Amino acid sequence: MNDNIKTYLKHLGLFILTFLTATLAGTWWINGKVWPFTDYEMSDFFLGMQYSIPFLLILTVHEFGHYFMAKYHKIKTTLPFYIPIPPFPGSIGTMGAIIRIKQHIISKKIHFDIGIAGPLAGFVIALGVLIYGYATLPELDYLFEIHPSYAQYGDEYANYVYTPEFQKSEAERLYTEARVQDSLNAVDNGEINKWSFPAFQPDAQLGNLSIGKPLLMQFMETFVSDKKLIPNASEMMHYPLLMAGFLALLVTALNLMPIGQLDGGHVLYGLIGTYWHRRVAAGIFLIFLFYAGYGYITPFDGMEDLMWNVPLYIGFLYITLKGLKRSNQETLMYALIIFTLQFSLPFVLPEFTGYSGWLLFAFIIGRFLGVYHPPVPIEQPLDLNRQILGWLSLLIFIISFSPAPIVIN
C-alpha cells in the first residue's frame, strides 16, 4: 500500500475513533448513560452527537487554521492527528488534535501567523455555537426530563436541589431504583451493578459537578439568552451546545496562554520579541503555578498529612520550575518562596482558593512545552494588522479562560 494512503488512513482512523469516543462521552454528559455499562440505544448515540459534532467541528477548524496557514507559507506539515480518550464517566472523549510542523521556522512573522490562525478560526466557530446555544435554550421541561425530582420546585429548583439533604435523598432514590431494576433483570446473579447508578451505598451522597463559566459565557447569559432558561452551573453539562462551546473556549484559552511554544507563546513572541517575552512568560508562568497550587496544602491540614505532603509538593514545584532554566540553587529558592507564600497566605486570605486542577498543566509546561520561546534568526517587527490581531487574540484568551473550569463539591 502506498505510504501516502497509509498516512491518510491513519488520520481518518484516528478521527473516526475520536468521533466515537467523543459521542459516547457526550451521551454521559447529557443523560448519564455509559456504554456498555448501562442500557444504551442508538437514540442515545444520536443524542451524544449533539455534543461531539460541534465540539469536533471547533477543534477541526482550529487545527486546519494552523494547517492552511502553514501551507500558505510553504511550511511542511502533517494533517491533524486526533487524540481519542476512553469515554469513561467524566471524560470529554478526546484530548484534541495536533499537527506536526516538519521543518524549522526561521521567521518570527511565520511563527506568529501559524500560531494565531488556529485559535482565531476555532474561536469564530465556538462563538457561533455558543450564540446559537444560548439563543435556543430549551424550556425547563428538558431539564426536568433528565432530573424528574427537580420538577416539583419549578424554576426555583436551584434553591433546593444542591443541598446535602436533597443530594442524600437523591442518592438513596437512585440506589433503590437501580437495585430494584437489577433484581428484576437478574443482573450479576442478583448483585448490584455499580455502573447502573452513581451512588453505591444507601447512605451515600451525590456530588455536585459545577462548570466555571468564562467571561464570554457570562456576557452571553446577560445579553443573548432568556434568563429564565439559563441552566445552573451544575446542570450545564446536560446542554450539549453549551458544553461543547465551553470546552472549546477552554481549549482555546489554554492554547492562547502566552507561554513557550503554545499558540499564545508564538503570538506574544511575535508582538514583543525575545527579550521581553522571556520576562513576561516567566512572570505569567510563576503566577499560574502559584494560583494552581494555592490551597493545595494549607497550615490547617493535619500534621500527619503535612509530614508527607510538604516535601513531595516542594519536590513537585522544584521539578516544574526547571522550565525556567535557572541553576539548581535558584530553582530550589523559587520553589521554597512559592511554597512559603502558598502556605502562609491562608492565615490572611482564608476565603481565597486556587485550582489544583491546573497543577498538571503547569507541570506539562515546565517540563515539556517550555516557558520560553526559542529565538529565530529573522525577527522583523510585525505590521500593524498583525499587531492588532495579536492583541485581540490575547483579549480572547482573557474572556475564554475559566480560573476553575470544573469543580466537584
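The values are calculated or read from the model by the stated rules, or taken from the named source; none is laboratory data. Note that the coordinates shown come from a computational prediction; the quantities given were computed from them, not determined experimentally. So basically every Cβ, Gly included, is an ideal-geometry build from the backbone, and we count neighbours across all protein chains shown.
Tell me, which residue of the range 57-77 that is under 18 Å from Leu17 (Cβ atoms) and touching a residue at least 40 places away in the same chain (Cβ under 8 Å) is surrounded by the fewest Cβ atoms within 10 Å (Cβ to Cβ)? Looking at residues that are under 18 Å from Leu17 (Cβ atoms) and touching a residue at least 40 places away in the same chain (Cβ under 8 Å), I get Leu57. Comparison of Ile101, Ile116 shows that the only residue that is modelled with pLDDT under 95 and either among the aliphatic types (A, V, I, L, M) or under 19 Å from Pro80 (Cα atoms) (or both) is Ile101.
Cβ separations smaller than 9 Å between residues 6+ apart or across chains give the following pairs from the range 380-409 residues that are within 11 Å of Gly264 (Cα to Cα) to residues that are part of a loop (DSSP other than H, G, I, E, B): Gly390/Leu382; Ser393/Leu256; Leu394/Leu256; Leu394/Pro258; Ile396/Leu256; Phe397/Leu256; Phe397/Met257; Phe397/Pro258.
Residue under question is Pro202, and the condition is that it be surrounded by 14 or more Cβ atoms within 10 Å (Cβ to Cβ), modelled with pLDDT under 60 and not assigned by TED's automatic domain parsing to the domain that holds Ala233; does it hold? In short, no.
Just to verify a result, which residue in the range 274-302, among those that are assigned to a helix (DSSP H, G or I) and over 23 Å from the mean Cα position of the chain (by Cα), is surrounded by the fewest Cβ atoms within 10 Å (Cβ to Cβ)?
Tyr275
What about Gly265, is it modelled with pLDDT of 95 or more, closer than 18 Å to Ile398 by Cβ and surrounded by fewer than 21 Cβ atoms within 10 Å (Cβ to Cβ)?
It is false that Gly265 is modelled with pLDDT of 95 or more, closer than 18 Å to Ile398 by Cβ and surrounded by fewer than 21 Cβ atoms within 10 Å (Cβ to Cβ).
Where helices (runs of 4 or more DSSP H) sit wholly within the range 307-401, those with at least 1 residues that are surrounded by 19 or more Cβ atoms within 10 Å (Cβ to Cβ) and among the β-branched types (Val, Ile, Thr) occupy 328-344, 384-400. Each residue in the range 217-236 was checked for being buried (at least 16 other Cβ atoms within 10 Å of the Cβ) and among the hydroxyl-bearing types (Ser, Thr, Tyr), and 2 of them qualify. With the requirement that a residue be small (Gly, Ala, Ser), at pLDDT 95 or above and more than 21 Å from Leu349 (Cα to Cα), what does the range 271-322 give you? Once the filter is applied, which keeps residues that are small (Gly, Ala, Ser), at pLDDT 95 or above and more than 21 Å from Leu349 (Cα to Cα), the range 271-322 yields Ala281, Ala282, Gly283, Gly315.
If you check Pro87, Pro54 for being touching a residue at least 60 places away in the same chain (Cβ under 8 Å), crowded, with 22+ Cβ neighbours inside 10 Å and part of a loop (DSSP other than H, G, I, E, B), only one passes: Pro87.
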